[in-house]
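Pasting a structure below so you can have a look.
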Amino acid sequence: MPKPKETTATKRTKAEADNSAPKKRKTAKETQSETKLIKLFESYKEDDSDKIGPSGIEALCKDLDIKIEDSVVLVLAWHLDAKEQGYFSREEFLTGFKNMGIDSIDQLKKKLPLFRSELENLPTYKQIHRYSFNFYKEPNQKSLSLDTASILLELLMGNRPHTLNFVKFLGEQQSYKVINQDQWMIYVEFSSTVKKDFSNYDKSGAWPVILDEFVEWSQKEEA
């Protein structure tokens, strides 16, 4: 038997029924945690805006016993999905901390080892690396300046193969003024797979020209 066609009135009745259904009430623990989070945000936010600014982030780092230049600050920004350098909006802070199950500085401190381990986990690190490109590039630009790229590479990948030499190469070469997103992302693959002596580097592969030139430069440096 054919199913009766659902009319507009029927749909409206269903929608009204859904809207009238009792919503799940927050538990006392959830309400208490949310209140603590709001107070935590308020303790760091700027007086004249609804954001935590550079001075607030500096104070947060001091309370966490880390330097503001520490790479975990960027990992925190990634977890909060922060959109603007040096700032955490109220929504970013409250939503991000809630998703991480954090409502205090002590709880955030306990997360720092996890943040550091995420920088060593390649699949997770690739997400952070991609995020860092969009987070640090100038508005309306499609590339990172060499200065910014070099600082980020040392901060995030300074302990990985080739990185310090690659940064040195970027500072000496004259052909490139910026790093685009494809170059930025494929460098992670290069650093993760190419041996220190470049013995497994295939110049005829799909590597960008900038990496071909870096390998040639490195081999001349070592000769």
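May I ask you to verify whether ILE151 is farther than 30 Å from LEU40 by Cα, at pLDDT 95 or above and open to solvent by less than 30 Å² (accessible area, probe 1.4 Å)?
No.
Please verify whether the range 171-188 includes one or more residues that are within 30 Å of ALA59 (Cα to Cα), assigned to a helix (DSSP H, G or I) and open to solvent by less than 20 Å² (accessible area, probe 1.4 Å).
No, there is no match, as no residue in the range 171-188 is within 30 Å of ALA59 (Cα to Cα), assigned to a helix (DSSP H, G or I) and open to solvent by less than 20 Å² (accessible area, probe 1.4 Å).
Looking only at the range 195-221, which residues are assigned to a loop (DSSP other than H, G, I, E, B), surrounded by 12 or more Cβ atoms within 10 Å (Cβ to Cβ) and of a type outside the set (Ser, Thr, Tyr)?
Once the filter is applied, which keeps residues that are assigned to a loop (DSSP other than H, G, I, E, B), surrounded by 12 or more Cβ atoms within 10 Å (Cβ to Cβ) and of a type outside the set (Ser, Thr, Tyr), the range 195-221 yields PHE198, TRP207, PRO208.
Now for a separate question. Which residue pairs have Cβ atoms under 6 Å apart, sit 6 or more places apart or on different chains, and have a first residue in the range 101-115 that is of a type outside the set (Phe, Trp, Tyr) and a second that is part of a helix (DSSP H, G or I)?
Listed by first residue and then by second, the contacts come to ILE102/LEU108; ASP103/SER33; ASP103/LYS36; ASP103/LEU37; ILE105/ASP63; LYS109/LEU64; LEU112/VAL72.
Answer yes or no: is there a residue in the range 47-57 that is farther than 18 Å from LEU94 by Cβ, among the acidic types (Asp, Glu) and at pLDDT below 95.
yes
The values are calculated or read from the model by the stated rules, or taken from the named source; none is laboratory data. The shown structure was predicted, so the numbers you read here are calculated from the model rather than taken from an experiment. Neighbour counts run over all protein chains shown; Cβ positions are idealised from the backbone, glycine included. Note: accessible area is taken over every heavy atom of the protein model, side chains too, but ligands, DNA and RNA are not part of it. Shrake-Rupley method; radii C 1.70, N 1.55, O 1.52, S 1.80 Å.
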